[in-house]
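Report on the following structure.
The values are calculated or read from the model by the stated rules, or taken from the named source; none is laboratory data. In this text, all values refer to a predicted model and were calculated from it rather than measured experimentally. With ideal geometry, Cβ positions are generated from the backbone for all residues, glycine too; neighbour counts draw on all protein chains shown. Note: accessible area is taken over every heavy atom of the protein model, side chains too, but ligands, DNA and RNA are not part of it. Shrake-Rupley method; radii C 1.70, N 1.55, O 1.52, S 1.80 Å.
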Amino acid sequence: MGQSGRSRHQKRNRAQAQLRNLESYAAQPHSFVFTRGRAGRNVRQLSLDVRRVMEPLTATRLQVRKKNSLKDCVAVAGPLGVTHFLILTKTDNSVYLKLMRLPGGPTLTFQISKYTLIRDVVSSLRRHRMHEQQFNHPPLLVLNSFGPQGMHIKLMATMFQNLFPSINVHTVNLNTIKRCLLINYNPDSQELDFRHYSVKVVPVGASRGMKKLLQEKFPNMSRLQDISELLATGVGLSDSEVEPDGEHNTTELPQAVAGRGNMQAQQSAVRLTEIGPRMTLQLIKIQEGVGNGNVLFHSFVHKTEEELQAILAAKEEKLRLKAQRQNQQAENLQRKQELREAHKKKSLAGIKRARARAARADGDSDAEDPGAPPEAVGAGQPEDEEDDAEYFRQAVGEEPDEDLFPTAAKRRRQGGPLGKKQRGKEQRPGNKGRGQGGNWQALKLQGRSQRGKAKPRPRATHQDSRPASRRRN
């Protein structure tokens, strides 16, 4: 037989590479994006758009039902390696976004002042660039104006950075950067601008006709005499196809990028096209834990040191009472278990004493009871037949046949012990035996049976109309 297409070393290297890819994928941050409460159609669509931004390191087809609580989501997130929750809620006043870090927090609550869905952003553009290959890799995060304004600003920047995998600028592959997420902080209004862009790299320095040739769709040259007319004058090209490139978006590529004309060490322009969604956020508060901890920062509520100490003391008292209740419950469970065990032992001891008394009553208290002998299994049967036979005598007034009660007849012939009813009749005064005047019970039963019987109907008689000579004697 011939050898397989892959050698042993190739298979081993491929398996090791797959293992490394799985380990690196598990080490990256993952997220859940969902809504809570009565969010409405637009807010649900906004959650789907945010989930689109977080791809591919998010649960694309996540479904959260109304009966699922936040604890259920946290319990599921652990085995799946989910590190962040993005929860959108809606109230009568505004829409809110909660950013949670699992499993220990913190939780950042943002108010969404304004938002625009993907479909609205795309419909407003003259030409948009969005395809499925752009969502095979996470976006490039760009933070702007996150300076040293305060600890809450640094915490916000750290939370946004941990949402996406870190990159090494020296070893990153530029072909994997197809999208860009820009978060800009405005110190004056204290608002965040959330923008999502598509990245495109085009060569710089070529004429409009050359750029048209480098595109995938070839231009229409039916009216041209020579290709030089297209390269020299750019006939047939509209002004909208020309985008202004300058020093603000021109750079030298450190490596070749997918696309026609994007070569290494060549000048290329980086163009951004917004693909949505678009949000304007404002930080409301920062909490410890996953949604139910101490408030570390609040934009509108400011407390004094005495109020903070009082809140901390009240929380410690609540925790102390909770621990006390848990200890009391544990003690009650232990006491009930001990009572149950004591009752069980007492019941078993009583059963043993009862068995010992029964054995002593039989005269064989020391020996082990071997069980009833085989011939004693049917010992109660003759006694029952004696009772049945006696009942038959009293009811009918005759002796039963031997075939009807064979055991009773045999014992009667042998002069065996009488049954219960016979022994009772002998002890009863005035009983002179069967068939005499003392058998008042049999007579009474016989009278009852005769009274209960229906009287026979008289037979109908008819006169013979034949002549006397023809009648038979």
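Numbers for the structure displayed
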{"item": "Selection within segment 246-291 - assigned to a strand (DSSP E or B) and without any contact (Cβ under 8 Å) to a residue 24 or more places away in the chain", "result": "Thr251, Glu252"}
{"item": "Extreme residue, nearest to the chain's Cα centre (by Cα), among residues of segment 105-124 that are open to solvent by 30 Å² or more (accessible area, probe 1.4 Å) and of a type in the set (S, T, N, Q)", "result": "Gln111"}
{"item": "Hits in segment 162-179 - residues which are open to solvent by 40 Å² or more (accessible area, probe 1.4 Å) and either of a type in the set (Lys, Arg) or in contact with a Pro (Cβ under 7 Å, 6 or more places away or on another chain) (or both)", "result": "Asn162, Lys178"}
{"item": "Lone qualifier among Asp384, Asp388, Asp401 - being of a type in the set (D, E, K, R), within 26 Å of Ala358 (Cα to Cα) and modelled with pLDDT of 70 or more", "result": "Asp384"}
{"item": "Filter result (of a type outside the set (Lys, Arg), open to solvent by 50 Å² or more (accessible area, probe 1.4 Å) and out of contact with any strand residue (DSSP E or B) (no Cβ under 7 Å at 6 or more places or on another chain)) within segment 129-161", "result": "His131, Glu132, Gln133, Asn136, His137, Pro148, Gln149, Met151, Thr158"}
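Residues are listed down the side, and each one gets a yes or a no for (1) part of a loop (DSSP other than H, G, I, E, B); (2) more than 21 Å from Gly291 (Cα to Cα); (3) among the β-branched types (Val, Ile, Thr):
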site: His9; (1), (2), (3): no, yes, no
site: Ser24; (1), (2), (3): no, yes, no
site: Val43; (1), (2), (3): no, no, yes
site: Arg52; (1), (2), (3): no, yes, no
site: Arg65; (1), (2), (3): yes, no, no
site: Lys71; (1), (2), (3): no, no, no
site: Ala77; (1), (2), (3): no, no, no
